């Protein structure tokens, strides 16, 4: 066998080995992508004590409610507002609802989010409730879910129907909070006002 033939055989062998390596790398990459893709959508259920893993940040609306804020004076024709001496309210525009809660609670924040299945909900939280027992705890104390699925409905304490939509109130557990007593106060306040939930009044 001539020297040139030996070189050609060596080159062919190197090309074959390289091709096999590339195929193996491609198979591993496809396998990893498929595995990660399935994990991303594995859990779409809402848990009010932590951030949902499938939220769309472009749809997030946030707000801060200072201590003792008095709600809107506008009242829709169909549903009378609760006693303004006992309740305050906040309009959640993305869900087109007005949420009532008992006066006297500390300030809080809210975020409007979506689950992986597209269910919208508003999560209420307070920095005063943030504990050290849960990773990335935001101090969530309650959520109002719009048209919850059957599995999401299992997390709700009470629900109400407004027009064609159903809204469920979901209360966070005390697993993460550093102040269970304050958590109870927030939740009692929102539970007391939930029966007055209504469509947001139209702006003049």
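At-a-glance table
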{"item": "Evaluation of residue 170 against (1) within 16 Å of the chain's Cα centre (by Cα); (2) part of a helix (DSSP H, G or I) (one fails), failing number", "result": "(2)"}
{"item": "Residue 107 closer than 11 Å to residue 196 by Cβ and either touching a strand residue (DSSP E or B) at 6+ places or on another chain (Cβ under 6 Å) or at pLDDT below 90 (or both)", "result": "no"}
{"item": "Filter result (touching a strand residue (DSSP E or B) at 6+ places or on another chain (Cβ under 6 Å), closer than 24 Å to residue 180 by Cα and outside any loop (DSSP other than H, G, I, E, B)) within region 113-128", "result": "121, 122, 123, 124, 125"}
{"item": "Residue match in region 194-202 (condition: over 23 Å from residue 83 (Cβ atoms) and surrounded by fewer than 19 Cβ atoms within 10 Å (Cβ to Cβ))", "result": "no"}
{"item": "Residue in region 186-200 that is assigned by TED's automatic domain parsing to the domain that holds residue 88, touching a residue at least 60 places away in the same chain (Cβ under 8 Å), closer than 16 Å to residue 119 by Cβ and within 21 Å of the chain's Cα centre (by Cα) present", "result": "no"}
{"item": "Matching residues, region 140-176, being within 15 Å of residue 190 (Cα to Cα), touching a residue at least 24 places away in the same chain (Cβ under 8 Å) and surrounded by 16 or more Cβ atoms within 10 Å (Cβ to Cβ)", "result": "140, 141, 142, 143, 144, 145, 167, 168, 169, 170, 171, 172"}
{"item": "Conditions (1) more than 13 Å from the chain's Cα centre (by Cα); (2) at pLDDT 85 or above; (3) assigned to a strand (DSSP E or B); (4) under 23 Å from residue 181 (Cβ atoms): number failed by residue 91", "result": "(4)"}
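The values are calculated or read from the model by the stated rules, or taken from the named source; none is laboratory data. Remember, predicted model here, so these are calculated numbers, not experimental data. A quick note on method: Cβ atoms are made from the backbone with ideal geometry, for glycine too, and the neighbour counts reach across all protein chains shown.
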